[in-house]
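All of the numbers you see were taken from the coordinates with simple rules; none came from a lab. The shown structure was predicted, so the numbers you read here are calculated from the model rather than taken from an experiment. Note that we place each Cβ from the backbone using ideal geometry, even for glycine, and neighbour counts take in every protein chain shown.
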């Protein structure tokens with residue numbers, strides 16, 4: 001079964017540094033998402049992306065965050081200047097369509113630790 | 001605003017017994033409801049969904065969920081629990097007013113003992 005692939009599985013960075021999290025969505029999917037899960041808390045929506053532009057973003061997704069689809073397969077999340085509170089598990093997801101029938105398929109996540 | 005509540009932080013069940021993981025929702029329009037499971041160090045795996053139609057929805061790994069409109073609930077069930085079912089379970093509602101954004105509950109840890 002096709003999978004969403006995320007790399008790296010664990011990223012440690014110092015406060016103020018830039019990080020880029022990588023995702024390869026399922027190949028025939030058109031909609032892409034980033035979610036995050038701070039330890040012990042809810043899974044929270046960050047951003048959705050379609051047709052090479054952001055469709056929707058949450059309040060969490062401020063100017064420090066950006067997303068990009070640099071080629072036909074990768075979907076990246078960049079945090080420009082990391083803060084301690086950015087430490088979380090970041091999940092990439094993709095879906096075939098934007099209709100309510102189309103479930104999101106999640107990757108295994110990248111655990112970001114900001115020190 | 002759309003929201004999901006999972007009232008139990010943890011559910012403990014003996015292997016072979018039936019299990020129920022509770023979820024209630026609040027939506028302004030039609031509810032689009034999902035269950036996901038998260039195994040340790042893994043991502044969220046889709047289990048089942050309710051969009052419309054039969055109130056009893058069957059999904060992966062023998063799980064099912066019952067949609068109850070009057071009680072605004074979507075409880076996850078399985079007739080006979082396995083130790084391998086032990087994981088974190090998330091109920092989610094699709095925000096029909098957005099671009100497919102999922103709103104998750106806080107999760108319920110299911111522990112199945114032999």
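Points to keep in mind about this one:
- Compactness of the protein assembly as shown as Cα Rg over 2.2 N^0.38 Å, two decimals: 1.01
- Partner shielding of A:101-109 amounts to 6, given as the average count of beta-carbon atoms from other chains within 10 Å of each residue beta-carbon.
- Rough spin-label spacing in nm, given labels placed 7 Å along Cα→Cβ, for residue A:99 and residue B:56: 2.7 nm
- Share of pairwise Cα-Cα distances greater than 25 Å in the stretch B:14-114 is 16 percent (whole percent).
- Residue A:73/residue B:12 FRET efficiency (R0 30 Å; Cβ-Cβ; nearest 0.05): 0.10
- Across all directions, the average projected area of the convex hull around the alpha carbons of the stretch A:46-106 is 4.8 nm².
- In terms of other Cβ atoms within 10 Å, B:39, B:89 run from fewest to most in the order B:39, B:89.
- Computed lengthening from residue B:26 to residue B:45, 0.36 nm per intervening residue step minus Cα-Cα distance: 4.5 nm
- Kirkwood's formula applied to the C-alpha pairs of chain A gives a hydrodynamic radius of 14.1 angstrom.
- Going from the fewest other Cβ atoms within 10 Å to the most, the residues A:49, B:90 appear in the order A:49, B:90.
- Inter-probe distance in nm under a simple model that places probes 7 Å from Cα toward Cβ, at residue B:83 and residue A:14: 4.6 nm
- Whole-angstrom gap from the stretch B:1-22 to the stretch A:41-81, using each part's C-alpha centre: 31 Å
- Average beta-carbon neighbours from other chains, 10 Å sphere, peptide A:34-40: 2
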